[in-house]
Amino acid sequence: MTENNIQEEKKSLNFIEQIVENDLAEGKNGGRIQTRFPPEPNGYLHIGHAKAIALDFGIAQKYGGVCNLRMDDTNPQKEDMEYVRAIERDIEWLGFKWGKVLYASDYFQELWDLAVELIKRGKAYVDEQSADEIAAQKGTPTTPGIESPYRNRPVEESLKLFEEMNSGNMEPGKMVLRAKIDMASDNMHFRDPIMYRVLNMPHWRTGTKWNAYPMYDYTHGQCDYWEGVTHSLCTLEFVSHRPLYDLFVDWAKEVDHELGKHPELNPADNWDINDYRSRQTEFNKLNLTHILLSKRNLLILVNEKVVDGWDDPRMPTISAFRRRGYSPESIVSFIDKIGYTKFDALNQMSLFESAVREDLNKRAMRVSAVINPVKLVITNFPEGQTETYNAVNNPENEADGTHEIVFSRELWIERDDFMEDAPKKFFRLGPGKEVRLKNSYIIRCPETDCCKKDADGNVIEVYAELIPETRTGEANCNMKIKGKTIHWVSCNHCLEAEVRNYDRLWLVENPRDEVAAYSKSQGKDRIDIDDMRKFLNPDSLEIKKAYVEEWCATRKPLDYLQFQRIGYYTPDYTSTPDHLVFNKTVGLKDTWKPANA
């Protein structure tokens, strides 16, 4: 590789990759690279998590390291094995592999033992104030906090009360364990943060052993350190938490070194607190227009049955995008395109959909489906006669082969492809107009009597004649006409299907801010379903009856299809041979407009 090529490659690195490469060049952590993805199993992963997944696993993969999957299961009130399995499934579907599956609860005993040691060293104490009292005494960013009256209680008393917190006999909220740091610090997180609280409920992994559970800020850094994580990658809201993260890691390293624990992370000779230290680096979240990503708010939509579960294709969860027909490659490609920075931005959903179209164009099988049908009768084609053609499955990939389609006298075409009183620039079927039927003949409507109508004046049949020498593949098939090529299915050789067309779930571009602002204007502390309903799109799902090629019945969920001239679709997992169901992934081009446009 030339010097210029090396420089170009360095320019293309994101800032986190540059940090990793600098650390490797300096020999930090013995040349190891280890990351982790630490979701809380209290809901399904959403598209924002996909960005973190791509970074955590991608960094490890690119630099020959390992990325562990660690469940942050410190809150048994909200967690469930269903979510654990969904998280694992989503990561695997995106194409990534973890080194180990770990849990924060794996470290509950070590975290407890460390907390006891910190109490003994005067770095933690049990506080009996209420949550409101503690919050009031923390002060503001411009005024220092007030020390708790329990801050200097005797060590032996705090140790005894800490044990009592885990006895199962203490009422939740009556006591907490706090770190003793600095109530006057400019960083609000340093003002004696809570390390443990009482929940008095069993944990889904550890049973009834614990009644007091550690807080996230106390748990996170130590788990990274004990696992040997070299690079802890977090989103920007953790910037202000980083000094606390570092402090807790330093305390753990000091205790472990003095007690001879974790010698692989604390070599006795030439010990330096900066060696083998997990380093936190922050990056921007993935925010998209017309999407709400908070798991708490997504759970409200699920519980209130606004959507049909976490994987409803209108949801922003990874499982929902999978069900809707997004490919994992398109998601990772989109994340790579928008990149990683230190600045939050609101990305347009249309940019995401463009990446999906670009990817599906390469992999989707082309089929014919008629969603708004009207019957076309080829008057000069014999009744009962058929012709069979080979249709190319994917013009982007010859190896995908072909499948058979049947042509007959009666066909279904799209109603929009015929207009009795057609304007001059309408290049589809109408009186005296010609079009080519995809993979078949050029046909011509008569100047008069070209359609049949019902009593209400609706067109129910269209009539046309084929031009025999124009069959696709024949010598004269290249006859030039002004009309377009339209798709069709044979009435007697097609299957009825349910087609689900999905639109934006939210009417507003930034529902996170707008719903929150409305909720606040109503005097509420938290968003509820009534606040959300004002901004939900009542037309986010349209269900239609359609006719599809018989070959579509051989397709299975997660297969990628292009309904020619309409959009990309995939069979839903509820689809059966007796009741075909297809979900719309995205249109062939961006035609979305806001309702008031």
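The values are calculated or read from the model by the stated rules, or taken from the named source; none is laboratory data. Every value quoted in this text rests on a predicted model; they were computed, and no experiment measured them. Neighbour counts run over all protein chains shown; Cβ positions are idealised from the backbone, glycine included. Please note that ligands, DNA and RNA were not included when accessible areas were found on the heavy atoms of the full protein model with its side chains. Shrake-Rupley method; radii C 1.70, N 1.55, O 1.52, S 1.80 Å.
The set of residues from region 64-79 being basic (Lys, Arg) and open to solvent by 30 Å² or more (accessible area, probe 1.4 Å) comprises just one member, LYS78.
So if I check each of ARG70, ARG85, which one is in a helix (DSSP H, G or I) and either farther than 22 Å from GLU282 by Cβ or modelled with pLDDT of 95 or more (or both)? Step through it out loud before you land on a result.
Values: ARG70 fails: in a helix (DSSP H, G or I).
From the options ARG70, ARG85, the qualifying one is ARG85.
Each residue in region 135-151 was checked for being of a type in the set (Ser, Thr, Tyr) and assigned to a loop (DSSP other than H, G, I, E, B), and 3 of them qualify.
Within region 565-583, residues that are acidic (Asp, Glu) reach partners that are assigned to a strand (DSSP E or B) with beta carbons closer than 6 Å, at six or more positions or on different chains, in the pairs ASP572/VAL581; ASP572/ASN583. Quick check: is even one residue across region 248-256 open to solvent by 40 Å² or more (accessible area, probe 1.4 Å) and either out of contact with any Ser or Thr (no Cβ under 9 Å at 6 or more places or on another chain) or closer than 19 Å to TYR103 by Cα (or both)? So far as region 248-256 goes, yes, one or more of its residues are open to solvent by 40 Å² or more (accessible area, probe 1.4 Å) and either out of contact with any Ser or Thr (no Cβ under 9 Å at 6 or more places or on another chain) or closer than 19 Å to TYR103 by Cα (or both). With respect to the conditions (1) farther than 30 Å from PRO538 by Cα; (2) assigned to a strand (DSSP E or B), ALA455 falls short on a single one, namely (2).
Of all residues in region 156-193, those being in contact with a helix residue (DSSP H, G or I) (Cβ under 7 Å, 6 or more places away or on another chain), open to solvent by 20 Å² or more (accessible area, probe 1.4 Å) and either over 18 Å from ALA131 (Cα atoms) or not in a helix (DSSP H, G or I) (or both) number 5. A search for C-beta distances below 9 Å between a residue of region 65-88 that is in contact (Cβ under 8 Å) with a residue 60 or more places away in the chain and any residue that is of a type in the set (Asp, Glu) and open to solvent by less than 10 Å² (accessible area, probe 1.4 Å), counting only pairs 6+ apart in sequence or on different chains, returns ARG70/ASP224; GLU79/ASP73.
Residues in region 210-224: is at least one open to solvent by 10 Å² or more (accessible area, probe 1.4 Å), more than 25 Å from ILE16 (Cβ to Cβ) and not aromatic (Phe, Trp, Tyr)? The answer is yes, given that some residue of region 210-224 is open to solvent by 10 Å² or more (accessible area, probe 1.4 Å), more than 25 Å from ILE16 (Cβ to Cβ) and not aromatic (Phe, Trp, Tyr). Determine whether ILE543 is open to solvent by 20 Å² or more (accessible area, probe 1.4 Å) and under 30 Å from ILE300 (Cβ atoms). Yes, satisfied. Could you list, in sequence order, all residues of region 80-90 that are surrounded by 19 or more Cβ atoms within 10 Å (Cβ to Cβ) and either more than 22 Å from VAL229 (Cβ to Cβ) or in contact with a helix residue (DSSP H, G or I) (Cβ under 9 Å, 6 or more places away or on another chain) (or both)? Scanning region 80-90 gives TYR83, ALA86, ILE87, ASP90. Residues in region 1-39 that are of a type in the set (Asp, Glu) and either at pLDDT 95 or above or in contact with a Leu (Cβ under 7 Å, 6 or more places away or on another chain) (or both): GLU17, GLU21. Of all residues in region 247-284, those satisfying the criterion of being of a type in the set (A, V, I, L, M) and part of a helix (DSSP H, G or I) are LEU247, VAL249, ALA252, VAL255, LEU259.
For the residues VAL499, VAL462, VAL489, the requirement of being at pLDDT 95 or above and more than 44 Å from the chain's Cα centre (by Cα) singles out VAL462.
Of the residues contained in region 212-228, one or more are found to be under 19 Å from THR74 (Cβ atoms) and assigned to a loop (DSSP other than H, G, I, E, B). In this structure, ARG504 does not satisfy being outside any loop (DSSP other than H, G, I, E, B), open to solvent by less than 70 Å² (accessible area, probe 1.4 Å) and of a type in the set (D, E, K, R).
If I ask for residues that are open to solvent by less than 20 Å² (accessible area, probe 1.4 Å) and either part of a helix (DSSP H, G or I) or free of Cβ contacts under 8 Å to residues at least 40 places away in the same chain (or both), which ones from region 324-354 would you list? Even if it seems obvious, please write down each step before you answer.
The first filter runs over region 324-354 and keeps only residues open to solvent by less than 20 Å² (accessible area, probe 1.4 Å), leaving 325-328, 330-331, 334-335, 339, 349, 352-353.
Residues satisfying the conditions are PRO328, SER330, ILE331, PHE334, ILE335, MET349, PHE352, GLU353.
With the requirement that a residue be open to solvent by 30 Å² or more (accessible area, probe 1.4 Å) and of a type in the set (Ser, Thr, Tyr), what does region 263-309 give you? Within region 263-309, TYR276, SER294 meet the criteria. When restricted to residues that are farther than 23 Å from ASP72 by Cα and in contact with a Phe, Trp or Tyr (Cβ under 7 Å, 6 or more places away or on another chain), region 179-211 contains 3. Within region 90-100, is there a residue that is on the phi > 0 side of the Ramachandran plot and at pLDDT 95 or above? Among the residues of region 90-100, at least one is on the phi > 0 side of the Ramachandran plot and at pLDDT 95 or above, which makes the answer yes.
For region 372-392, which positions are closer than 14 Å to VAL489 by Cβ and hydroxyl-bearing (Ser, Thr, Tyr)? Result: THR386, THR388, TYR389.
Is it true that some residue in region 433-442 is part of a loop (DSSP other than H, G, I, E, B), more than 46 Å from the chain's Cα centre (by Cα) and either charged (D, E, K, R) or closer than 17 Å to CYS491 by Cα (or both)? Checked against the condition, which is being part of a loop (DSSP other than H, G, I, E, B), more than 46 Å from the chain's Cα centre (by Cα) and either charged (D, E, K, R) or closer than 17 Å to CYS491 by Cα (or both), region 433-442 yields at least one hit.
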